[in-house]
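Colleague: My questions will all concern the structure given below.
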Amino acid sequence: AYTVCATWVAKDGEEDAVARALAHIFEGARGAEGILAYQFHRDPADPRRFFFYEQYENAAAYDRHLKAPYVLEHAFGDAILRLESRERVFWETWDPNVAG
């Protein structure tokens, strides 16, 4: 599996707008082909901070997700513009019993 962990920090006063955009993205991603897990988290001590755990069948499924209309509209066209910072880390499932 191909996993993406991301942390977004909204600009002051933009956290509710980011949360609304994320709700649209989450709804669009539900049941989308190639998405194995898709979970958003919000820091209870700092509502401007969001953490995402996303798991896809492979990197191609993630690339398709990035081009989905709900991502283009609500992430790139809205939420990301309201962020102070954005960090993504990419992982692939690793089996310690298999060399490599």
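The values are calculated or read from the model by the stated rules, or taken from the named source; none is laboratory data. Predicted model, so just to flag it, every value in this text is computed and none were measured. Every residue, glycine as well, gets a Cβ built from its backbone with ideal geometry; the counts of neighbours run over all protein chains shown. Remember, those area values only see protein heavy atoms, side chains included, never the ligands or the DNA or RNA. Shrake-Rupley method; radii C 1.70, N 1.55, O 1.52, S 1.80 Å.
Colleague: Based on this model, can you work out whether E84 counts as touching a residue at least 60 places away in the same chain (Cβ under 8 Å), over 20 Å from T3 (Cα atoms) and of a type in the set (D, E)? First the steps, then the outcome.
Modeller: Values: touching a residue at least 60 places away in the same chain (Cβ under 8 Å): yes; over 20 Å from T3 (Cα atoms): yes; of a type in the set (D, E): yes.
So E84 passes the test.
Colleague: A follow-up question, please. Looking only at region 61-100, which residues are touching a helix residue (DSSP H, G or I) at 6+ places or on another chain (Cβ under 8 Å), more than 22 Å from A37 (Cβ to Cβ) and open to solvent by 50 Å² or more (accessible area, probe 1.4 Å)?
Modeller: Scanning region 61-100 gives E73, R82.
Colleague: Out of the residues in region 1-53 that are part of a strand (DSSP E or B) and among the aromatic types (F, W, Y), which is farthest from E73 (Cα to Cα)?
Modeller: Step one: of region 1-53, the residues part of a strand (DSSP E or B) are 2-10, 35-42, 49-53.
So of that shortlist, the ones also among the aromatic types (F, W, Y) come out as 2, 8, 38, 40, 50-53.
On the way: Y2: 23, W8: 17, Y38: 18, F40: 18, F50: 19, F51: 20, F52: 18, Y53: 20 Å.
Looking at residues that are part of a strand (DSSP E or B) and among the aromatic types (F, W, Y), I get Y2.
Colleague: A further question follows. For residues in region 16-35 being more than 13 Å from the chain's Cα centre (by Cα) and either hydrophobic (A, V, I, L, M, F, W, C) or open to solvent by 40 Å² or more (accessible area, probe 1.4 Å) (or both), which is modelled with the lowest pLDDT?
Modeller: Taking region 16-35 first, the residues more than 13 Å from the chain's Cα centre (by Cα) are 16-17, 20, 31-34.
Now narrow it down to the ones that are either hydrophobic (A, V, I, L, M, F, W, C) or open to solvent by 40 Å² or more (accessible area, probe 1.4 Å) (or both): 16-17, 20, 31-33.
Numbers: D16: 98, A17: 98, R20: 98, G31: 88, A32: 93, E33: 95.
Top of the filtered list is G31.
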